[in-house]
Amino acid sequence: MNLKENLGKNIQKYRKLNKLTQEKLAEAVDVDINSISSIERGRYFPTPDNLVKISHALNVPLSELFTFSSLATCEDYEKEIKNNINLIRTDVAKLSAVNAFIKNIL
């Protein structure tokens, strides 16, 4: 995967974790929905200004959008897991599902 594709996958991942539709993210960034779709599919690279807007809308540091799993360390995974759990910390059903999954793989 190239940089645009990896970035697009991360944007899509964090958008879904934040329970945002492409339409809502497009509104927050002030672009049309087709732009978000093209960015997530790795067809286009967002402008620097839009990258900043996207990171703010997704409540994730800009650097995190450029942290790709293939380069991640154990510490990176731990940090990402903690961030993801923080996003669902008030949803008992999702926390229960995560806990069950973790128990299953141990």
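The values are calculated or read from the model by the stated rules, or taken from the named source; none is laboratory data. Just so you know, these numbers come straight off a predicted model, no measurement behind them. Glycine gets a Cβ as well: all are built from the backbone with ideal geometry, and neighbour counts include every protein chain shown. The accessibility values were calculated without ligands, DNA or RNA, using every heavy atom of the protein model including side chains. Shrake-Rupley method; radii C 1.70, N 1.55, O 1.52, S 1.80 Å.
Is it the case that ILE11 is of a type in the set (A, V, I, L, M), modelled with pLDDT of 95 or more, touching a Pro at 6+ places or on another chain (Cβ under 6 Å) and outside any loop (DSSP other than H, G, I, E, B)?
Here the answer is no, as ILE11 does not meet what is asked.
Could you please find all residues in the range 19-29 being open to solvent by 40 Å² or more (accessible area, probe 1.4 Å) and modelled with pLDDT of 95 or more?
Within the range 19-29, LEU20, THR21, GLN22, GLU23, LYS24, GLU27, ALA28 meet the criteria.
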